[in-house]
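Below is one structure, written out as structure tokens, with a few remarks after it.
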Amino acid sequence: MAPRKIIIDTDPGQDDALAILLALASPELDVLGITCIAGNVPLPLTIRNAQLVCELAGRPDMKIFAGCERPMVRDLVTAEIVHGETGLDGPAWDEPTMGVQEMHAVDWLVTELMSAEDGEITLCPVGPITNVAMAMVREPRIIPKIGEIVTMGGGFFVGGNTTPVAEFNVYVDPHAADVMYRSGIPIVTMPLDVTHEALMSPEWIESMRAIGGDIGEKTAAMLSFYGRYDIARYGTRGGPLHDPATIAYLLQPELYGGKDVFVEVETHSELTMGMTVVDYWDRFEKEPNCRWISEVDSDGFFELIRERLANLAAAL
Ligand code: BDR
Ligand code: CA
């Protein structure tokens, strides 16, 4: 079967880095490009971090595009408290040397999608949704070209990680997430409800280090640094590894369980801004607009990542 064409829209971030590495390590996926967005850290750093990750994967040929510098309506909120000042704190990195495309990410999304067949391309937004929503607003004819969106964001049963009710990606640009959920495109959402069901253990991080080489050393250093924040906040042995859930779902959907539901994003109240209000029990009797994932085979998820990254390291 031909590999599935995907675009990763991202704000790396250590967990974004693992999502990119998992995708680039997987022959079932054809990553057409990586579009960067301001989020965990400001845009110049998310671009740099995407470059670093592609170089780590031995893919300096990957197309990286710079996207929006701020959310559609609100001011940018960043998360250095989680990811460190660079967004990719943990290992020692040399500065990247690979190039970045000249075209703006939103222009490229429109161009690439308009030249695709209907349903041909899958989008994986794992940061604030700004680039994706801006592309939809700019050229609505791209909507039928997108076969599926598999996104990390939101939370319902476990609450939020940025406010009591809002998850970071949706909180940063709730208006963009609102555009996405109203688009009519089939959406699979990986919320905190599922990412908090798969916590990294210290033993698993050591098994990543044991892969060896630059990939083993740098991923282990990234993940140890990144895990410390959630360990302290939640008092668990390990932190959740959010963004790779999207790629793992594309590779092995049988690892996951969920329900088709209607989701709406709060964009009015400052108190609950960015909350993903999930009509889990169909109280509104509205047509579902997403598959809300809440169950995962955690061991299978972590083994998939370890195995794919070990294969990638061996091939370099
Ligand atoms: C999401 O926010 C970011 O900090 C992570 O990269 C992930 O995409 C988790 O709430
Ligand atoms: Ca992210």
Task: Evaluation of TYR249 against (1) out of contact with any Phe, Trp or Tyr (no Cβ under 8 Å at 6 or more places or on another chain); (2) surrounded by 21 or more Cβ atoms within 10 Å (Cβ to Cβ) (one fails), failing number - done: (1)
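Where residues in segment 59-85 are among the β-branched types (Val, Ile, Thr) and within 19 Å of LEU223 (Cβ to Cβ), which of them is least open to solvent (accessible area, probe 1.4 Å)?
Here is the first cut: in segment 59-85, the residues among the β-branched types (Val, Ile, Thr) are 64, 73, 77-78, 81-82.
Those still in the list that are within 19 Å of LEU223 (Cβ to Cβ) too: 81-82.
Details: ILE81: 111, VAL82: 25 Å².
Filtering segment 59-85 for residues that are among the β-branched types (Val, Ile, Thr) and within 19 Å of LEU223 (Cβ to Cβ), the one least open to solvent (accessible area, probe 1.4 Å) comes out as VAL82.
Quick one: is VAL41 within 27 Å of GLU270 (Cα to Cα), in contact (Cβ under 8 Å) with a residue 12 or more places away in the chain, within 16 Å of ligand 1 (Cβ to nearest atom) and outside any loop (DSSP other than H, G, I, E, B)? Don't jump to the end; show me each part of the working.
Details: within 27 Å of GLU270 (Cα to Cα): yes; in contact (Cβ under 8 Å) with a residue 12 or more places away in the chain: yes; within 16 Å of ligand 1 (Cβ to nearest atom): yes; outside any loop (DSSP other than H, G, I, E, B): no.
Answer is no for this residue.
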- [ ] Within segment 56-89, count every residue that is within 17 Å of ASP30 (Cα to Cα) and outside any loop (DSSP other than H, G, I, E, B).
- [x] 2
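Go over the candidates LEU56, LEU52, LEU43 one by one and state the one that is within 16 Å of the chain's Cα centre (by Cα) and open to solvent by less than 50 Å² (accessible area, probe 1.4 Å). Before the answer, list the steps.
Values: LEU56 fails: within 16 Å of the chain's Cα centre (by Cα); LEU52 fails: within 16 Å of the chain's Cα centre (by Cα).
After applying the criteria, what remains is LEU43.
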Open item on the list: Is it the case, given these coordinates, that GLY99 is part of a loop (DSSP other than H, G, I, E, B), within 29 Å of ASP214 (Cβ to Cβ), of a type outside the set (Val, Ile, Thr) and within 15 Å of ligand 2 (Cβ to nearest atom)?
Closed with: no
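Say whether the condition of being more than 19 Å from TYR181 (Cα to Cα), open to solvent by 10 Å² or more (accessible area, probe 1.4 Å) and not in a helix (DSSP H, G or I) is met by at least one residue in segment 278-293. I'd like the intermediate steps shown before the answer.
Here is the first cut: in segment 278-293, the residues more than 19 Å from TYR181 (Cα to Cα) are none.
No.
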Task: Of all residues in segment 229-246 being open to solvent by less than 10 Å² (accessible area, probe 1.4 Å) and assigned to a loop (DSSP other than H, G, I, E, B), the one that is farthest from ligand 2 (Cβ to nearest atom) - done: GLY238
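Specify which of the listed residues (GLU206, GLU254) is in contact with a Gly (Cβ under 9 Å, 6 or more places away or on another chain), more than 14 Å from ALA17 (Cα to Cα) and open to solvent by 50 Å² or more (accessible area, probe 1.4 Å). Even if it seems obvious, please write down each step before you answer.
Values: GLU206 fails: in contact with a Gly (Cβ under 9 Å, 6 or more places away or on another chain).
Exactly one residue qualifies, and that residue is GLU254.
Report the residue count in segment 13-36 for those that are within 22 Å of ILE146 (Cβ to Cβ) and not in a strand (DSSP E or B). Even if it seems obvious, please write down each step before you answer.
Taking segment 13-36 first, the residues within 22 Å of ILE146 (Cβ to Cβ) are 16, 19-20, 22-24, 26, 28-36.
Filter once more, keeping what is not in a strand (DSSP E or B): 16, 19-20, 22-24, 26, 28.
Selection size over segment 13-36: 8.
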Open item on the list: Can you report the number of residues in segment 149-176 which are within 15 Å of THR267 (Cβ to Cβ), more than 12 Å from ligand 1 (Cβ to nearest atom) and either of a type in the set (A, V, I, L, M) or at pLDDT below 95 (or both)?
Closed with: 2
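Answer yes or no as to whether LEU271 is in contact with a Leu (Cβ under 7 Å, 6 or more places away or on another chain) and modelled with pLDDT of 95 or more.
no
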Task: Answer from THR162, THR151 - the residue that is of a type in the set (Ser, Thr, Tyr), open to solvent by less than 30 Å² (accessible area, probe 1.4 Å) and within 16 Å of ligand 2 (Cβ to nearest atom) - done: THR151
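Quick check on segment 102-124. Is at least one of its residues within 16 Å of ligand 1 (Cβ to nearest atom), out of contact with any Asp or Glu (no Cβ under 8 Å at 6 or more places or on another chain), of a type outside the set (Ser, Thr, Tyr) and outside any helix (DSSP H, G or I)?
Just the residues of segment 102-124 that are within 16 Å of ligand 1 (Cβ to nearest atom), to begin with: 123-124.
Cutting the leftovers down to out of contact with any Asp or Glu (no Cβ under 8 Å at 6 or more places or on another chain) gives us none.
Within segment 102-124, not a single residue is within 16 Å of ligand 1 (Cβ to nearest atom), out of contact with any Asp or Glu (no Cβ under 8 Å at 6 or more places or on another chain), of a type outside the set (Ser, Thr, Tyr) and outside any helix (DSSP H, G or I).
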- [ ] May I ask you to list pairs of residues, at least six apart or on different chains, whose Cβ atoms are under 8 Å apart, with the first in segment 179-206 being touching a residue at least 12 places away in the same chain (Cβ under 8 Å) and closer than 21 Å to THR130 by Cβ and the second being open to solvent by 10 Å² or more (accessible area, probe 1.4 Å) and of a type in the set (S, T, N, Q)?
- [x] TYR181/ASN289; ARG182/ASN289; GLY184/ASN289; ILE187/ASN289; PRO191/SER294; LEU192/ASN161
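Out of all the residues in segment 119-145, which are free of Cβ contacts under 8 Å to residues at least 40 places away in the same chain and open to solvent by 10 Å² or more (accessible area, probe 1.4 Å)?
Of everything in segment 119-145, those that are free of Cβ contacts under 8 Å to residues at least 40 places away in the same chain and open to solvent by 10 Å² or more (accessible area, probe 1.4 Å) turn out to be GLY119, ARG138, GLU139, PRO140, ARG141, PRO144, LYS145.
The values are calculated or read from the model by the stated rules, or taken from the named source; none is laboratory data. For clarity, every value in this text was computed on a predicted model and none was experimentally measured. As a convention, Cβ positions derive from the backbone with ideal geometry for all residues, glycine included, and neighbour counts pool all protein chains shown. Ligands, DNA and RNA are excluded from the accessible area calculation, which covers all protein heavy atoms including side chains. Shrake-Rupley method; radii C 1.70, N 1.55, O 1.52, S 1.80 Å.
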